[in-house]
Amino acid sequence: MWDWAHFKAEGYISHLRRSAKLSGLLLLSGLAMIVHMLVPFWQQPRWLSGCGVRDTLDAELNGDD
């Protein structure tokens, strides 16, 4: 069953902001991977690379700042 109160501890606006940030990051990194596949010599910025996305997801989902 879906728990609508899963964001109650952090607040709705904070949860929405974090979710939008992570969704945008994942979409942009996916597009960067496609561009990198088509133009192999183009290197995406560190924050859009696999390691950068992993680090950001880890920090955001674990509550580290």
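Could you list, in sequence order, the residues of segment 43-55 that are open to solvent by less than 40 Å² (accessible area, probe 1.4 Å) and either at pLDDT 90 or above or out of contact with any helix residue (DSSP H, G or I) (no Cβ under 9 Å at 6 or more places or on another chain) (or both)?
First, the residues of segment 43-55 that are open to solvent by less than 40 Å² (accessible area, probe 1.4 Å): 44, 48-49, 52-53.
GLY52, VAL53, listed by residue number.
If you check SER23 against the conditions, is it hydroxyl-bearing (Ser, Thr, Tyr), open to solvent by 50 Å² or more (accessible area, probe 1.4 Å) and in a helix (DSSP H, G or I)?
Criteria met by SER23.
Looking at segment 41-65, I want the residues that are farther than 18 Å from GLY24 by Cα and assigned to a loop (DSSP other than H, G, I, E, B) and have a partner that is open to solvent by 50 Å² or more (accessible area, probe 1.4 Å) and of a type in the set (Val, Ile, Thr) with Cβ atoms under 8 Å, at least 6 apart or on another chain. Which pairs are those?
Cβ pairs passing all conditions: TRP42/VAL35.
To keep it simple, each residue is scored yes or no on (1) surrounded by 11 or more Cβ atoms within 10 Å (Cβ to Cβ); (2) at negative phi; (3) at pLDDT 80 or above; (4) touching a Leu at 6+ places or on another chain (Cβ under 9 Å).
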residue: TRP4; (1), (2), (3), (4): no, yes, no, no
residue: LEU16; (1), (2), (3), (4): yes, yes, yes, no
residue: GLY30; (1), (2), (3), (4): yes, yes, yes, no
residue: MET33; (1), (2), (3), (4): yes, yes, yes, yes
residue: PHE41; (1), (2), (3), (4): no, yes, yes, no
residue: ASN62; (1), (2), (3), (4): no, yes, yes, no
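The values are calculated or read from the model by the stated rules, or taken from the named source; none is laboratory data. Predicted, not measured: the structure shown is a model, and the values here were computed from it. Note that we place each Cβ from the backbone using ideal geometry, even for glycine, and neighbour counts take in every protein chain shown. When the accessible area is computed, the model is the full protein with side chains, heavy atoms only, and any ligands, DNA or RNA have been set aside. Shrake-Rupley method; radii C 1.70, N 1.55, O 1.52, S 1.80 Å.
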